[in-house]
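Below is one structure, written out as structure tokens, with a few remarks after it.
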Amino acid sequence: MGMSEDASHRELLSQRLDATAAAMPDALAIVHGDRRLTWRDVQEQSEQIAASFLAAGVTRGDHVALWLPNHPEWLVLWLGAARIGAVVVPVNTRYKPAEAEYVLRKSESTMLFVEDSFLGIDYVSAFRAICPDWDGTSSTKLPDLRHVVRLGDSDKSIDGFGSYSAFLAAGADVPQSDVEAAQDKVSPDDTLIIVFTSGTTGFPKGVVHTHDALRMMTAVTAWLGLDSSDRVLGHLPLFHVAGVFSSFLPALIAGGALVQLDSWDATEALRLVQDEQISVLSGIPTHFIDLLWHPELSSFDTRSLRTGWIGGSAIPAEVVDGAREKLGMKAILPVYGMTETTSTTTLGRPTDSKESLLAGKGVPIGGYEVAVVDPETRTSLDPGQEGEVAVRGYTVMKGYYHEPEATAAVMDDAGWFYTGDLGVFDADGYLAITGRRSDKFIVGGNNVHPADIELVLLKYPGVKQAYIVARPHRRLGEVAVAFVEMDSGIDATADEIKSFCSSSLASFKVPRDVIFVDTWPMTPTGKVQRFRLRELAAAAAETATESASSRS
């Protein structure tokens, strides 16, 4: 992995774009609907946008918020901002006004780009709900904001909102020498992007990343064996690291193409795989499940698919088998990572056993350190011992934006980031994630990790997805509750599930309740919200207790 080991040459994002455009100017770069941009197009647009930012008074270190869907403009705006050292702040397209207001205010963004509307959301109205006193240059609600630019129906003029076409046109008066002078001041240590966490617990925190994100994704690109012939499906949202880092940057680094999907739709994804010859497909198990159980899967040609990563939750055996046998993928690699570690900490190898894949095992891919430590003392543990996963090196964030206490809680003076995830290294250097410190619960004095039970549940015939949470118990403190989704047409009873678990697990790990579901409470980035499951489990138990009391 020489690409990831050499830290002597640290590239800027603009330098990598320029190198790719110089090497393959006419190669396809971004596909969205009928739009097809080459790498020369992307480079030229990024330079034009850099000039437009300067014309708007945006300079190195200023923050620019993008409240936009997975469209080419998102990417060229990021590349243009990075060229002059401005920092992009992605805003979740599903955010309600109060959520967006928090991110815009916390990030101190001076400029905002919004889509007219997307997925039924009117973003102009949403912004007006945030800033009813916006006069085109200022608002008391967001004191740092100076410009709002809307994308969409360019013929429509809305007071207080600049048009994207006018934003672009203003850059024509800025000399190329000004852009070059601004670019010369940018350092690899400069902030490249601030990605806000999902905020499933408390307020979102802004994760600060530098141009070293490029180095991390260069390692990932080499690990996956990507080249200029590859086509990456871009269905993962750009406001999340899995979309902006793990999907787009490998395409940029390899000189391949990103084929964008506005939002997840299994039918459209299969059509794009077939028509655009997608070779790289990645995501959470839910994405693969949606494709594998699609009623028209057999009518689509998916033979172009080659490789990709999978992560975010336990991996069902049927997904591994289906990806190979039904989708034709040669490799599907388990990934472990998080927003704070540039989305990737470990990856599996194509040659790993199915058992290793199902366990989500992977190895660090070079140039940074990963350790398993005692959660209390933070001393390193030997292989085979479970502890908290810690990471140090270029892949780790600079910190949480304007959150010194929150940063200090997870990073020490030696540069180690403590993930809050529990894991075990084996003798071969593979890391398996066993759960979250916060997900662990105690049944009658015994520690229980949800992942232990989930892996057993996924072996039960017909189980599509399964999650374990705890609910209160008068005698034992807490007990396990299983939420289970079955394959269509396959039934099981709670007693059958419990009996199956009893054959493989200690009695204190066997779920006391089994709740069958066909939909899941999800975060905007597609992760199941365990805290909501805990609420549902507690409510179901309370209802059952009340029913039993009323009958007695």
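For segment 59-130 versus segment 324-403, the inter-centroid distance based on Cα atoms is 30 Å. Largest accessible area first, the listed residues Lys156, Lys509 line up as Lys156, Lys509 when surface is computed with a 1.4 Å probe on the assembled protein chains. Each residue of segment 344-445 gets 132 Å³ once the volume of the Cα convex hull is shared out per residue. Considering the values [x] 1.04; [y] 1.02; [z] 0.97, which represents Rg/Rh (Cα atoms, Kirkwood Rh) as calculated for the structure under consideration? The value matching this structure is [z]. Measuring with a 1.4 angstrom probe and ignoring ligands and nucleic acids, Met397 comes out at about 10 Å² accessible.
Treating only the Cβ atoms of Lys and Arg (+1) and Asp and Glu (-1) as charged, compute the dipole magnitude of segment 37-150 about its Cα centre; round to the nearest 20 debye. Could you put the intermediate results ahead of the total?
Working: 11 positive and 14 negative charges, 46 e Å.
For this selection, approximately 220 debye.
Model label sites at Ser438 and Asp518, defined 7 Å from Cα along the beta-carbon direction, differ in position by 3.2 nm.
Only helices enter this figure: runs of n ≥ 4 DSSP H residues, each worth -39500 (n - 2.57), summed and divided by the residues of the chain, yield -9500 deg cm²/dmol at 222 nm to the nearest 500.
Computed with a 1.4 Å probe on the full set of protein chains, the accessible area for Met522 sits at about 70 Å².
When only the Cβ of Lys, Arg, Asp and Glu is charged (+1, +1, -1, -1), the dipole of segment 247-373 relative to its Cα centre reaches about 460 debye. Label positions at Ala19 and Asp133, each projected 7 Å from the Cα along the C-beta direction, are separated by 4.9 nm. For the chain, relative contact order (Cα pairs under 8 Å, six or more residues apart, normalised by length) works out to 10 percent.
Relative contact order (percent) for segment 398-467, with alpha-carbon contacts under 8 angstrom and 6 or more residues of separation?
Values: 58 pairs, mean separation 10.8, N = 70.
Answer for segment 398-467 is 15 percent.
Which of the three applies to segment 66-164, rounded, prolate or oblate, going by the alpha-carbon gyration tensor with a ≥ b ≥ c and a/c under 1.5 meaning rounded? It comes out rounded by the Cα gyration axes.
Note on exposure: Ser313, Ser246, Ser298 ranked by accessible area (1.4 Å probe, complete protein assembly) read Ser298, Ser313, Ser246, with the most exposed listed first. With respect to the chain, whose longest principal axis is taken over its alpha-carbon atoms, helix 39-55 is tilted by about 70°. Averaged per residue, the chain has 41 square angstrom of accessible surface, using a 1.4 angstrom probe with ligands and nucleic acids left out. Between segment 509-524 and segment 227-260, the C-alpha centres lie 32 angstrom from each other. Neighbours of Pro285, meaning other residues whose beta-carbon lies under 12 angstrom from its beta-carbon, give a summed charge of -2 when Lys and Arg score +1 and Asp and Glu score -1.
Considering all projection directions equally, how large on average is the shadow of the alpha-carbon convex hull of segment 373-506, in square nanometres? If you can, show how the numbers build up before the last one.
Numbers: hull surface 46.5 nm².
Computed as one quarter of the Cα hull surface, the answer is 11.6 nm².
Treating only the Cβ atoms of Lys and Arg (+1) and Asp and Glu (-1) as charged, compute the dipole magnitude of the chain about its Cα centre; round to the nearest 20 debye.
On the way: 48 positive and 73 negative charges, 211 e Å.
So the magnitude is around 1020 debye.
May I ask for the angle, rounded to the nearest 10°, between helix 266-275 and the longest principal axis of the chain, with both axes built from Cα atoms and the value confined to 0 to 90°? Here the helix axis deviates by roughly 60 degrees. Accessible surface for Thr351 stands near 120 Å², nearest 10, in the context of the full protein assembly shown (1.4 Å probe).
Positive-end ranking of Phe53, Val114, Ala432 along the dipole of the chain, with charges on Cβ about the Cα centre, is headed by Ala432. The separation of segment 155-187 from segment 455-475, counted between C-alpha centres, amounts to 53 Å.
For the cross-link pairs Lys106/Lys527; Lys354/Lys509; Lys330/Lys527; Lys141/Lys205; Lys106/Lys398; Lys459/Lys498, the ones whose C-alpha atoms lie over 22 Å apart are Lys106/Lys527; Lys354/Lys509; Lys330/Lys527. Sequence-distant contacts, meaning Cα pairs under 8 Å at least 6 residues apart, place the relative contact order of segment 324-472 at 16 percent. Electrostatic tally near Leu37: other residues with Cβ closer than 12 Å to its Cβ, Lys and Arg +1, Asp and Glu -1, net -2.
The values are calculated or read from the model by the stated rules, or taken from the named source; none is laboratory data. Just so you know, these numbers come straight off a predicted model, no measurement behind them. Positions of Cβ are generated from backbone atoms using ideal geometry, with glycine treated the same way; all protein chains shown enter the neighbour counts. Accessible surface areas use protein heavy atoms only, side chains included; no ligands, DNA or RNA. Shrake-Rupley method; radii C 1.70, N 1.55, O 1.52, S 1.80 Å.
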